[in-house]
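Notes follow the structure.
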Amino acid sequence: MPCVVVGPNASGYLVGRNNANGVDLNRNFPDLNTYFYYNEKYGGPNHHLPLPDNWKSQVEPETRAVIQWIRSLNFVLSANLHGGAVVANYPYDKSLFRSPHRTSNSPTPDDQLFQTLAKVYSYAHGWMHQGWNCGDYFPDGITNGASWYSLSKGMQDFNYLHTNCFEITLELSCNKFPRQEELQREWLGNREALIQFLEQVHQGIKGMVLDENSNNLTGAVISVSGINHDVTSGEHGDYFRLLLPGTYIVTAKAPGYDPKTVTVTVGPAGPALVNFQLNRSTSQVHPAQKAPGRGQGSRPKQPRITRKKDTATKRHRGPA
């Protein structure tokens, strides 16, 4: 569903994707890649990274509205559409290296999945898969974003690092402003590709996470062994995890509950339905206690009270 169109500024003249404040909205999302690369070096997650405390003051009103919308729904798959090239671009967009003149492939833990999603679009497209377009060459009509050129604060990296959503960027035309007579050809070239890409939302596993009383568990973590990127259940306990065909070991866990692990086989025809029912952890409901002394005349040991000084605990969230 097309949802956000960046175009006219306050004067109504189409100048590109800058807003009325002259800010490029496609370079305006919080830079979570910096935290991810820090975590990769020192240990930490690469999923559901928290936003900076002052994130609302860092972004434009349009970006803030999009972020709040993204966070309000459990999106699974998305794409943002650009012009200026013809290629399907997948994360990460930002390279580990700081030099703007140095490019390198920066794959996510879901690199094979992202390549497949990109190829689904490029090969269903009228000519993207040919690779030679606009004076560039991209094998299979796809590219890792950072291996093309590194950029910060893009939307597709933000989605992957902060939400459950997998997003790619589709560059659809050499000319950012095609003439009216070219629009019919562009539509016919992209129509089937858009449909096939949308159908990929059903590739993987999905289901519900419930407690022992069949109540929905919100925010339960779904982990796939061998892929260091988790997703979480939505407001109603529902979850979706895009995966390529294969056999996987999947674990669901939530605070206060015993985790549950299953082996599931994902086929090419549609999603595998995997529901989890987690039992409340007995170790937290009935904490272990030591039995009193058993000898004749012995007295039960009195609990020893240990007082601890209040100390402030700092949480490391990444580089300053």
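If I compute solvent accessible area with a 1.4 Å probe over the protein chains, what percent of it on segment 28-115 is carbon and sulfur? Could you put the intermediate results ahead of the total?
Details: 2200 of 4350 Å².
It is 51 percent, rounded to a whole number.
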The extension gain from GLN58 to VAL201, computed as 0.36 nm times the residue separation minus the Cα-Cα distance, is 48.3 nm
Do any trypsin sites (Lys or Arg not before Pro) in segment 178-283 lie in a loop, going by DSSP, with at most 11 other beta-carbon atoms within 10 Å of their beta carbon, and if so which?
-> ARG179
Accessible surface, segment 106-251, averaged per residue in Å² (probe 1.4 Å) = 44 Å²
Gained length - ALA269 relative to GLU181, 0.36 nm times residue gap less alpha-carbon distance = 27.8 nm
Place a label point 7 angstrom from the Cα of GLU235 along the Cα-to-Cβ direction, then list the residues of segment 32-70 whose backbone nitrogen is under 14 Å away.
-> 68-70
Using a simple spin-label model with points 7 Å from Cα along the Cα→Cβ vector, what separation in nm is obtained for THR261 and SER152?
-> 4.0 nm
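Local charge sum around VAL201 (other residues, Cβ-Cβ under 14 Å, Lys/Arg +1, Asp/Glu -1)? Working shown, then result.
Values: positive: LYS206, ARG241; negative: GLU167, GLU199, ASP238.
Taking every Cβ under 14 Å from that of VAL201, the sum is -1.
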Cα-Cα longer than 30 Å, checked against LYS176/LYS206; LYS41/LYS176; LYS94/LYS119; LYS41/LYS206; LYS94/LYS260; LYS153/LYS260, kept in input order, equals LYS176/LYS206; LYS41/LYS176; LYS41/LYS206; LYS94/LYS260; LYS153/LYS260
Quarter of Cα convex hull surface for segment 216-278, i.e. mean projection, nm² | 4.1 nm²
Separation in nanometres of the label points that stand 7 Å from Cα toward Cβ, at TRP132 and ASN216 = 5.3 nm
Alpha-carbon Rg/Rh ratio, for segment 37-108, with Rh computed the Kirkwood way | 0.98
Relative to a virtual label point 7 Å from the Cα of ASN279 in the Cα→beta-carbon direction, which members of segment 242-260 show backbone nitrogen distances below 13 Å?
-> 257-260
Here the averaged projected area of segment 55-206, based on the convex hull of its alpha-carbon atoms and given in nm², is 10.1 nm²
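The values are calculated or read from the model by the stated rules, or taken from the named source; none is laboratory data. Every value quoted in this text rests on a predicted model; they were computed, and no experiment measured them. Please note: Cβ atoms are built from the backbone with ideal geometry, for glycine as well, and neighbour counts cover all protein chains shown. Accessible surface areas use protein heavy atoms only, side chains included; no ligands, DNA or RNA. Shrake-Rupley method; radii C 1.70, N 1.55, O 1.52, S 1.80 Å.
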